[in-house]
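These notes are about the structure you will find just below.
The values are calculated or read from the model by the stated rules, or taken from the named source; none is laboratory data. Not measured: the values here are computed from a predicted model. Backbone-built Cβ (ideal geometry, glycine too); neighbour counts: all protein chains shown. Please note that ligands, DNA and RNA were not included when accessible areas were found on the heavy atoms of the full protein model with its side chains. Shrake-Rupley method; radii C 1.70, N 1.55, O 1.52, S 1.80 Å.
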Amino acid sequence: AVSSAGRPVHADIQLWLGPDWTPYTLRAYSEDGKRRPVQTLVGTRCKAAMVEVRNLGESEFPFAAAANYAKDPMASLPIELPASTPGERVDGGALRSFALDPAAGQVEVVLLTDGRQLNARVELLVGPNNPKQSYEVFTNNGELNSLCVAFDTPDAGATVRVVNHAPVEFPCYIHVRERRV
C-alpha cells in the first residue's frame, strides 16, 4: 500500500526477479493518498523477488509505502474475482467504462490476459475526464501477473475506465466488483 497525508501520490512500482529482469511495471497515481490510497497486488510468480517503490512526484509530496505478503480477502482476489464475476473483453486500443453505484464504498478490479502481454491503464474518474486515481501496468504475461487493485470510492458518481494500450492482437479481460463498506 502507498498512502500520503492528503497529498498527491505518483509512484513507480516494479517487480524484480534477479538482477536484470523486470517482468512487471506499474505506475500509480492518486490525487489524495489519504482518501484514496494505492492498494494493489504484485504477484511474485512464486520466486524470490524484490518489489521496488519509487516516488515520481516532487520532493514536497512524500508518501509512505509498505509491502508484505497478501492476506485474505485481497490474497484470493486474482483467482476469486474472475471466477465469480463475468469478465468483459477489451481489445487492443479499445476503451471501456463502468459506472459505479453511488452507495459503493470500494471497487475491486482484476485486469488479466490469457498469457499474453498486458499493457493497460485503469482509472477511477469522478466527473468527466477527471481521474482521481490511475494505474498504468505493463507485464509480459498478464495471466501470471494480473493487475489487481482496490479503489476506495468516497465520492458519488464515480466511473472505472479501462484503456488497453496494447495492439489489437493483445486483448485483456476486466472483472469489476463493487463493495459496500
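Considering each residue of the range 68-95, count those that are surrounded by 11 or more Cβ atoms within 10 Å (Cβ to Cβ) and either without any contact (Cβ under 8 Å) to a residue 60 or more places away in the chain or among the β-branched types (Val, Ile, Thr) (or both), and give that number.
Adding up the residues that qualify gives 8.
Take the residues of the range 154-176 that are among the β-branched types (Val, Ile, Thr) and touching a strand residue (DSSP E or B) at 6+ places or on another chain (Cβ under 6 Å): which is farthest from Leu124 (Cα to Cα)?
Ile174
Specify the residue that is surrounded by the most Cβ atoms within 10 Å (Cβ to Cβ); the eligible residues are those in the range 1-16 that are within 16 Å of the chain's Cα centre (by Cα) and not hydrophobic (A, V, I, L, M, F, W, C).
This residue is Ser3.
Just a yes or no: is a residue in the range 132-140 surrounded by fewer than 21 Cβ atoms within 10 Å (Cβ to Cβ) and more than 17 Å from Ile13 (Cβ to Cβ)?
So far as the range 132-140 goes, no, none of its residues is surrounded by fewer than 21 Cβ atoms within 10 Å (Cβ to Cβ) and more than 17 Å from Ile13 (Cβ to Cβ).
Could you figure out which of (1) without any contact (Cβ under 8 Å) to a residue 60 or more places away in the chain; (2) surrounded by fewer than 20 Cβ atoms within 10 Å (Cβ to Cβ); (3) part of a strand (DSSP E or B); (4) not acidic (Asp, Glu) isn't true of Arg161?
That leaves (1) as the condition not met.
Restricting attention to the range 147-158, does a residue exist that is assigned to a strand (DSSP E or B) and among the polar types (S, T, N, Q)?
No, every residue in the range 147-158 fails to be assigned to a strand (DSSP E or B) and among the polar types (S, T, N, Q).
Here are the criteria: (1) free of Cβ contacts under 8 Å to residues at least 60 places away in the same chain; (2) open to solvent by 50 Å² or more (accessible area, probe 1.4 Å); (3) part of a strand (DSSP E or B). Tell me which single one Glu123 does not satisfy.
All conditions pass for Glu123, except number (2).
Can you pull out every residue in the range 17-50 that is surrounded by 15 or more Cβ atoms within 10 Å (Cβ to Cβ) and in a strand (DSSP E or B)?
If the condition is that a residue be surrounded by 15 or more Cβ atoms within 10 Å (Cβ to Cβ) and in a strand (DSSP E or B), then Tyr24, Thr25, Leu26, Arg27, Ala28, Tyr29, Ser30, Val38, Thr40, Leu41 are the ones that fit.
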